[in-house]
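Take a look at the structure below.
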Ligand code: FAD
């Protein structure tokens with residue numbers, strides 16, 4: 001531990017009390033590696049403020065002692081953005097104690113949640129007042145509102161509601177100089193120049209610490225229908241989505257699942273079973289919802305899937321017969337990453353290309369990667385309707401234990417080159433963090449990098465906010 005860190009920790013303890021300063025390395029240990037267990041960091045302390053004022057104190061101390069902070073929510077991020085550097089030169093700033101829902105209003109369609117509120121807790125609170133926060137994803141039981149905003153998370157309902165950017169009405173944040181940006185008024189119209197709120201969304205903790213977020217709510221769902229369809233190819237899956245979309249406005253989730261991923265889930269996740277009897281190379285998980293109690297959304301989806309079946313758009317389909325079965329279908333999708341982790345080494349690429357180009361991209365990129373790196377299994381799953389899939393490359397069964405480290409960079413470069421050539425993005429929803437920083441620097445247009453660096457330098461000249469992340 002450096003002398004500066006020791007002084008910061010001592011001063012933080014004096015000002016904020018013992019609860020806010022954790023130095024027991026056993027307690028810190030679960031939080032210094034990323035969710036996938038790929039990147040391991042170290043830190044002499046984890047600070048855990050319980051109010052915006054306490055965050056201000058900590059940021060001022062960090063500036064005074066020139067000790068960087070690494071903000072962390074649920075640590076479910078996929079780009080190791082919340083993992084401190086391995087040399088122990090930064091302090092972890094856990095936001096999980098800042099976890100009050102300050103207000104929630106059905107009249108305003110707005111909730112103000114502190115950064116450490118868990119997404120599932122917000123879902124429950126909105127449900128209690130007859131409303132809904134529509135963004136959801138597999139990590140909803142542990143990811144936080146601050147982390148979701150800081151990564152501009154997407155999830156499974158982006159098709160209808162957009163990413164965090166469209167669901168955040170304003171942000172409260174402590175900037176690197178210790179000043180507080182208060183953007184929680186929830187104004188629908190506010191044209192006072194640059195939007196600091198939007199700048200902080202997706203900034204991955206590099207421009208300040210988000211302490212609270214004003215979130216847009218929508219009316220609660222009166223009913224939902226969830227279906228599982230077997231399709232021959234991603235092109236057929238997209239055709240099915242378009243078929244449904246022109247006939248109903250109720251589709252809000254549409255996830256592509258390859259047989260390879262379903263097989264891993266069935267193998268590793270207890271209590272799971274395949275929804276369809278026959279075998280299919282690809283699957284689509286479809287969710288239709290309505291806020292209108294008089295609309296029979298299940299009957300509508302069943303009728304449309306029947307028509308799609310007749311016209312050869314889908315090969316087979318089944319509607320969940322109960323809420324429990326609907327949850328079971330979603331579990332098949334939400335646990336793909338977990339099942340992959342249980343299976344072995346997987347390289348994840350969260351990529352996007354124009355929606356209509358995605359089916360051809362998946363086929364082309366998978367063929368090229370598998371031909372160039374014999375033995376690997378390349379496939380894509382996820383948010384097809386957003387033009388965003390998780391293009392994952394798994395080590396074959398005979399891969400060396402160090403496959404990820406020895407082959408990973410070469411495979412990733414190939415995938416990223418293919419994505420860039422297709423006019424896409426190497427990070428659709430997971431951010432850059434530290435895992436994609438080098439590739440971002442290699443492939444991003446110089447103007448983009450220049451602007452990022454200029455903004456970072458202007459707001460954080462001392463470099464105390466999450467150094468080594470996002471900004472090359
Ligand atoms: P963390 O992982 O703790 O942090 C993420 C980044 O935000 C870091 O850079 C961190 O420094 C910064 N940060 C955190 N809190 C703050 C704060 N208060 N102020 C400033 N910076 C902060 N993501 C998707 O977009 N779509 C998906 O469908 C999706 N599915 C997932 C499924 C699973 C099973 C898992 C494990 C993850 C998934 N993710 C998905 C990724 C992840 O859940 C999101 O990125 C989420 O937004 C991270 O929230 P967190 O609280 O865990 O943030």
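By the gyration tensor of its Cα atoms, with a ≥ b ≥ c the square roots of the eigenvalues, what is the shape of the range 45-108: rounded for a/c under 1.5, prolate for a/b over b/c, or oblate?
Since a/c reaches 1.5 but b/c is at least a/b, the shape of the range 45-108 is classed as oblate.
Stretch residue 142-residue 100 to full length: gain in nm at 0.36 nm per residue minus the Cα-Cα span?
13.6 nm
Taking only C-alpha pairs under 8 Å that are 6+ residues apart, what is the relative contact order of the chain in percent?
15 percent.
When the distances between all Cα atoms of the range 27-157 are binned every 10 Å from zero, what whole-number percent does each bin get?
13, 40, 32, 13, 2
In nm, give the distance between the simple-model label positions of residue 292 and residue 448, each being 7 Å from the Cα along the Cα-to-Cβ direction.
Output for this residue pair reads 4.1 nm.
Nearest 10 degrees is fine. How inclined is helix 403-421 to the longest principal axis of the chain, computing both from alpha carbons?
70
Which whole-number percent is the relative contact order of the range 137-212 (Cα, under 8 Å, 6+ apart)? List each step's numbers first, then the result.
Numbers: 95 pairs, mean separation 28.2, N = 76.
Relative CO of the range 137-212 lands at 37 percent.
What Kirkwood hydrodynamic radius do you get for the range 405-449 when you take the inverse of the mean 1/r over all pairs of distinct Cα atoms, in Å?
11.1 Å is the Kirkwood radius here.
Assign one of three labels to the range 8-82, namely rounded, prolate or oblate, based on the Cα gyration tensor with a ≥ b ≥ c the square roots of its eigenvalues; rounded applies when a/c is under 1.5, prolate when it is not and a/b is larger than b/c, and oblate otherwise.
Numbers: a/c = 1.97, a/b = 1.73, b/c = 1.14.
The shape class here is prolate.
How far is helix 52-65 tilted, in degrees, relative to the longest principal axis of the Cα atoms in the chain, given as a value from 0 to 90 rounded to the nearest 10?
For helix 52-65, the angle is close to 60 degrees.
Once fully extended, how much extra length lies between residue 441 and residue 279, figured as 0.36 nm per residue of separation less the alpha-carbon to alpha-carbon distance?
Extending this stretch completely gives an extra 54.1 nm.
Per residue of the chain, what 222 nm ellipticity follows from adding -39500 (n - 2.57) for every DSSP H run with n ≥ 4, rounded to the nearest 500?
One gets -10500 deg cm²/dmol as the mean residue ellipticity at 222 nm.
Taking only C-alpha pairs under 8 Å that are 6+ residues apart, what is the relative contact order of the range 108-166 in percent?
It comes to 35 percent, rounded to a whole number.
Could you work out how far helix 259-268 tilts from the main Cα principal axis of the chain, as a 0 to 90 degree angle to the nearest 10?
Tilt relative to the chain: about 70 degrees.
Over all pairs of distinct alpha carbons, what does the Kirkwood formula give as the hydrodynamic radius of the range 353-425, in Å?
Taking the inverse mean of 1/r over all distinct Cα pairs, the range 353-425 comes out at 12.6 Å.
Report the antiparallel proportion of the DSSP beta bridges in the range 1-114 as a percent, rounded to a multiple of 5.
Among the beta bridges of the range 1-114, antiparallel pairing accounts for roughly 55 percent.
From the Cα gyration tensor of the range 151-213, with a ≥ b ≥ c the square roots of its eigenvalues, which class applies: rounded if a/c is under 1.5, or else prolate if a/b is larger than b/c, or else oblate?
oblate
Antiparallel as a % of all DSSP beta bridges within the chain, to the nearest 5?
90
Report the percentage of all Cα-Cα pairs in the range 337-383 whose separation exceeds 13 Å, rounded to a whole percent.
I get 62 percent for the Cα pairs in the range 337-383 exceeding 13 Å.
Could you tell me what % of all Cα pairs in the range 207-309 have separations over 24 Å? Please list the in-between numbers first.
Working: 2006 of 5253 pairs.
Cα-Cα pairs in the range 207-309 separated by more than 24 Å: 38 percent.
With 23 Å as the cut-off, how large is the P(r) tail for the range 289-399, expressed as percent of Cα-Cα pairs?
Pairs farther apart than 23 Å: 49 percent.
Could you compute Rg(Cα) / (2.2 N^0.38 Å) for the chain, with N its residue count?
With N residues counted in the chain, Rg over 2.2 N^0.38 Å equals 0.99.
Throughout, read-outs are computed from the coordinates displayed, never taken from laboratory work. Please read all numbers here as calculations on a predicted model, not as lab measurements. Cβ: placed from backbone, ideal geometry, glycine included. Neighbour counts: every protein chain shown.
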